[in-house]
Amino acid sequence: MLTVLLRPIPHLISMHWPIVNNRQQNIAPGFQILLLIAAAMVTRSAANAQTPEGNADVERFFADKIEPLLRAHCLECHSHAAEQMGGGLTLDSRNGWEEGGGRGPAIVPGNPDESLLIKAVRHEDADLKMPPDEKLTAADIELVVEWIRRGAFDPRKQIPPPEATGDPLHWWSLRPLKRPDVPGLADDAPGTNPIDAYVFDRLRQQQLTPVPQADRRTLIRRLYFDLHGLPPEPNAVMTFVSDPDPMAYEKLVDRLLASERYGERWARHWLDTVHFADSHGCEHDVFRPNAWRYRDYVISSFNGDTHWDRFIREQLAADRFYPDDSGLIAALGFVAAGPLELSRASTAPVTFDYLDRDDMVGQTMSAFASTTANCARCHNHKFDPITQVDYYSLQAVFAGTGKGDVEFDSDPAVASQRRRWKALLTAADTNDRVVLLAPEYQEFVDQWEQKFVSDPVTWETLLPATFVSSGGATLKRLDDSSLLASDVRPDVDTYTVTAPTILKKLTALRLEVLTDDSLPMRGPGRQDNGNLHLTEFEAS
């Protein structure tokens, strides 16, 4: 499980440095916590390195002689990756041959003659011959015998699958972290926080003496490097050193945490985790002009103490979890922070889509679940409880996701107004009376109606100055400024009319067709039945 602390607790920086062999070590400030972890890892590694012969020869013998032999002659049938596992026996881990198959454990360390594996490779049993097609050479058999005689050193370990317990969360990497008991402090170890307790406990175990507390000049430098990544200004050092306030240290920590420099310092660790860059990478390395928005979002999240649960939701689906906070759209840059190979997008689009989603899946799983998933793209994951079905189900989550610049309103108030007016425009285009006549818009409707009551529409007849028929008909302007067509009666005709006007603004145009005694059936058309068909009307 991955635990991310977006803001360190102010007093977790130890004021003491350990002494190793009574000699002070030159250790970079800010790494005292890592020192303890590293010490524990070294101790554990040393314990794991104990072999029957107590030296590296056994490890080298296994790596150079035994593992290549097993891989060449055994693992095709006896491994977790084998399509049909022979006899239920796996030889790709120590767990596998210790548990054995249907006949029991395959190896008895230190006793090759009692090991089923030796009987199998020697072909001593007619029903137990491995490999079945071709017997190992005498030299190879002697290597296996020698390996088992030395204790069968095998550093490979296979974690039991979650199906063994019925609980998928039983997997070692998915189990919840447990807070250890804090060691008690001795009277001569005046620590002020749990970190000091662990430091003094380890020093006591090693019979080492701690150095005195750091002086103020050293302490302020450690704080600045840890929280801001930069050294303090000389005047800040002088002020802190001469400050008589007993809470000067605590107040200094609070000031550094409240500074914008804090987020700039610590956000870089998260940006490294998500492979953030200002360009696409790969051979073309196209610049991303808007990548800085995601970077600034991360910095702001650290400075604003965003909770870890919300930090995850914002980056995976801010538009769904927080639709009213449009400024969080920048957080979705998480899925696009990694490399983007645009050349493949144009030459092999299907391959590009799969690989691009693979990057999204891998980045999401490694960042938020501390688990690699990419191996399951080709086969069930051997070291994590992820199947190919799981992997492609995760890919499906991102199947509708593309990468590119998205316009958004960083101010949620502006975004809210934009959504409101766009919805109203859509309602006007579709004549949605439910929206247009809603109570919230009643004032606008009343104003619109009142405008026509106080300022009614006035229609003014245009006086045609020129009027031409493309079909050869005769157009005559009458006393009421209307036009009357006569003579030639083509099937299709176009009238072009030009008329001056003194109006400064036109809000509407109306075309009226009139009757006349000279027209067939009194019109208004010139067909025998008095009809006409108007197919197009243009005005400019």
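The values are calculated or read from the model by the stated rules, or taken from the named source; none is laboratory data. Bear in mind that the values here come from a model prediction, so they are computed numbers and not experimental data. All Cβ positions, even for glycine, are placed from backbone atoms using ideal geometry, and neighbour counts span all protein chains on display. Heads up: the accessible areas ignore ligands, DNA and RNA and are worked out on the full protein's heavy atoms, side chains in. Shrake-Rupley method; radii C 1.70, N 1.55, O 1.52, S 1.80 Å.
The sole residue among Pro231, Pro244, Pro180 that is at pLDDT 90 or above and either within 39 Å of the chain's Cα centre (by Cα) or under 23 Å from Asn303 (Cα atoms) (or both) is Pro231. For the stretch 438-456, the criterion of a residue being within 30 Å of Thr494 (Cα to Cα) and modelled with pLDDT under 95 is satisfied by no position. For Ala399, state whether it is in contact (Cβ under 8 Å) with a residue 12 or more places away in the chain, within 30 Å of Leu174 (Cα to Cα) and open to solvent by less than 90 Å² (accessible area, probe 1.4 Å). When the stated conditions are applied, Ala399 passes them.
When Ile329 is tested against (1) in contact with a Ser or Thr (Cβ under 9 Å, 6 or more places away or on another chain); (2) over 17 Å from Val406 (Cβ atoms), exactly one condition is not met: (2). Restricting attention to the stretch 307-364, the residues that are in contact (Cβ under 8 Å) with a residue 24 or more places away in the chain and of a type in the set (Phe, Trp, Tyr) total 4. When Glu76, Glu114 are screened for being of a type outside the set (Lys, Arg), at pLDDT 90 or above and more than 13 Å from Ile141 (Cα to Cα), only Glu114 passes.
Please enumerate the residues belonging to the stretch 326-376 that are of a type in the set (Lys, Arg) and at pLDDT below 90. Hit for the stretch 326-376 is Arg344, nothing else. Please enumerate the residues belonging to the stretch 272-309 that are under 30 Å from Phe352 (Cβ atoms), assigned to a helix (DSSP H, G or I) and open to solvent by 30 Å² or more (accessible area, probe 1.4 Å). Asp272, Thr273, Trp292, Arg293, Arg295, Asp296 - these are the residues of the stretch 272-309 that are under 30 Å from Phe352 (Cβ atoms), assigned to a helix (DSSP H, G or I) and open to solvent by 30 Å² or more (accessible area, probe 1.4 Å). Selection within the stretch 276-303: residues that are without any contact (Cβ under 8 Å) to a residue 40 or more places away in the chain and of a type in the set (Gly, Ala, Ser). The member of this set that is farthest from Phe321 (Cα to Cα) is Ser279. The helices (runs of 4 or more DSSP H) falling completely within the stretch 197-271 that include 3 or more residues that are touching a residue at least 24 places away in the same chain (Cβ under 8 Å) and open to solvent by less than 60 Å² (accessible area, probe 1.4 Å) map to 216-227, 248-258. Answer with yes or no whether Ser93 is under 15 Å from Asp154 (Cβ atoms) and at pLDDT below 85. For Ser93, the condition - under 15 Å from Asp154 (Cβ atoms) and at pLDDT below 85 - is not met. Taking the criterion of being surrounded by fewer than 17 Cβ atoms within 10 Å (Cβ to Cβ) and either among the hydroxyl-bearing types (Ser, Thr, Tyr) or over 20 Å from Leu75 (Cβ atoms) (or both), the residues of the stretch 112-138 that qualify are Asp113, Glu114, Glu124, Asp125, Ala126, Asp127, Thr137, Ala138.
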